[in-house]
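**Q** Sending over a structure as structure tokens; questions will come in a sec.
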Amino acid sequence: MQSITAGKSGLLTRLDLQIANSGHNLSLPFSISLVSGEPGVAGLIDVVGALDFRLGDTPFITDVESGSFFSVDVSSFGYKVVPGQKFSILLMLPNFDLGPTSPTVTGPRWAYGLTPEDGSYYPEGFLVYEGGFNTLIDSNGNRSISGSDRGFRTYVDVSGVPDVSSWALMIMGFGLVGFNVRRRGVAVAA
């Protein structure tokens, strides 16, 4: 789970995630959920909505290395954000009963948003900015918090939400109209 801090007001429409597959288990299901708030160390999470995918839906690892991303349309959730608001992206695999003879299950690889110079995961195509923190949750509910962010971008539709300067201009306009109406009303009475 990757926590994020919103930077603008509006409807959250899309997430670009640095998720890839390595050509194995392409039919493996996974889900991506939008979570209100941050996961913290313990406690319940408030899921806004979830979408189901197969590993084969994600780009191949070399495509991600060259700058390709996995885009998820979340506009149908109708989730509005304001600057400073916390929300999270939860990538979840189904529970598996992995006995000693079971094959290894390789799920989506979600890169940490490191700089290319680090060379720790992918050499190119990094999404670099700090959004919050990354939390790993195992099948027993145990959580561990990483100091690094996963690679992601968020897209917010700000068309329906005026920015601060627009509000200020609109309020000044109402003030001028009110002043002129009041001035004319006094002049007519005299």
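None of the figures in this text is laboratory data; all of them are computed from the coordinates on show. Computed from a predicted model, the values in this text were never measured in an experiment. Cβ: placed from backbone, ideal geometry, glycine included. Neighbour counts: every protein chain shown.
**Q** For Asn140 and Phe60, compute 0.36 nm times the residue count separating them, minus their Cα-Cα distance, and round to one decimal in nm.
**A** So the chain would gain 25.8 nm between Asn140 and Phe60.
**Q** Output wanted: per-residue J couplings in Hz (rounded whole) for the stretch 45-53, from phi through Karplus 6.51 cos²θ - 1.76 cosθ + 1.60, θ = phi - 60°, x for Gly and Pro.
**A** For the stretch 45-53, the Karplus curve yields 10, 9, 7, 7, x, 9, 10, 9, 9 Hz.
**Q** Order these by the 10 Å Cβ neighbour count, fewest first: Met172, Met1.
**A** Lowest count first: Met172, Met1.
**Q** What residues have an amide H closer than 5 Å to that of Tyr79, excluding those fewer than 5 places away on the same chain, when H is modeled at 1.01 Å from N in the peptide plane?
**A** Leu12
**Q** Also, I was wondering about something else. Exposure proxy check: Leu11, Leu17, Leu169 ranked by fewest other beta carbons within 10 Å?
**A** Leu169, Leu11, Leu17
**Q** Next up: Full extension from Lys80 to Arg182: what is 0.36 nm times the residue separation minus their Cα-Cα distance, to one decimal in nm? Before the final figure, lay out each step's value.
**A** Details: separation 102, 0.36 × 102 = 36.72 nm, distance 3.88 nm.
Going from the current span to full extension adds 32.8 nm.
**Q** Arrange Trp110, Trp167 by Cβ neighbour counts within 10 Å, fewest through most, would you? Show your work: numbers first, answer last.
**A** Working: Trp110 22, Trp167 11.
Least crowded to most crowded, the residues run Trp167, Trp110.
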